[in-house]
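Everything on this sheet refers to the single structure shown next.
Since every read-out is calculated from the coordinates, none of them should be taken as a lab result. Predicted model only: the values in this text are computed from it and were never measured. Using ideal geometry, Cβ is built from the backbone for each residue, glycine included, and neighbour counts are taken over all protein chains shown.
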Amino acid sequence: MGETSSTIGFIVIVALFMIIGLLSVVGSIVITQKIFSPKAEQIFYGIFLTPIAGFYLAFTEYFGIETAWRLESVVVIIFCAIGLIGTRISFALILGYLLHGVWDGLHELHTHAGFSIFEPGHVTTIPLAYGVFCATYDFGMAAYFYTRHIEWDTAWCARLTRQTKT
């Protein structure tokens, strides 16, 4: 197979993973809106940032990139903190998912495009197009959170208003 075939194959793989990411966004939105109140939905997505950030620790172990543990662990802790803040402050949730999408993109470029802002061995390897899928999901969810942030903030304010009246 020639270079053209490989390029076409890569484009198809990337397109499929982007589509899967978008479908995951739609599925997440439909399911969480059906089962959670607005406030509980925000809390869920804040907590959910932790396991999606934690995938990089699993990749670090799976691919045996021992020198990546420090950076990957620190970044997971940062995303955990942003997620916890995001359970109450919608802007933190939007920012957290946007930053995680950038982190996914940097991993994809590092692993599969030969471009990296990191020293060799300081970030983990990821499967082909995983970063594309995850970045698509993260950016889509951040956009959704932006459309929901007023409703989420209102739900929190309504509770505070009820508490101060009693």
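Computed values, structure above
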{"item": "Cβ-derived FRET efficiency at R0 22 Å, Y62 paired with S5, nearest 0.05", "result": "0.15"}
{"item": "Region 6-64-region 76-135 distance, computed between alpha-carbon centres (Å)", "result": "12 Å"}
{"item": "Difference of contour (0.36 nm per residue) and Cα-Cα distance, V30 to A15", "result": "3.1 nm"}
{"item": "At R0 = 22 Å, FRET efficiency that the Cβ-Cβ distance of W156 and T50 yields, to 0.05", "result": "0.60"}
{"item": "For the chain, Kirkwood radius (reciprocal of mean inverse C-alpha pair distance, Å)", "result": "17.1 Å"}
{"item": "Positive-end residue, the chain charge dipole about Cα centroid, Cβ charges, pick of M18, I29, W152", "result": "W152"}
{"item": "Debye, to nearest 20: dipole size of the chain, +1 on Lys, Arg Cβ, -1 on Asp, Glu Cβ", "result": "980 debye"}
{"item": "Value of [θ]222 nm, deg cm²/dmol, for the chain, DSSP H segments ≥ 4, -39500 (n - 2.57) each, nearest 500", "result": "-29500 deg cm²/dmol"}
{"item": "Residue (of I77, A58, Y130) at the positive-pole extreme of region 38-165, dipole from beta-carbon charges", "result": "I77"}
{"item": "Computed magnitude of the charge dipole of region 76-156 (debye, nearest 20; Cβ of K, R +1, Cβ of D, E -1)", "result": "140 debye"}
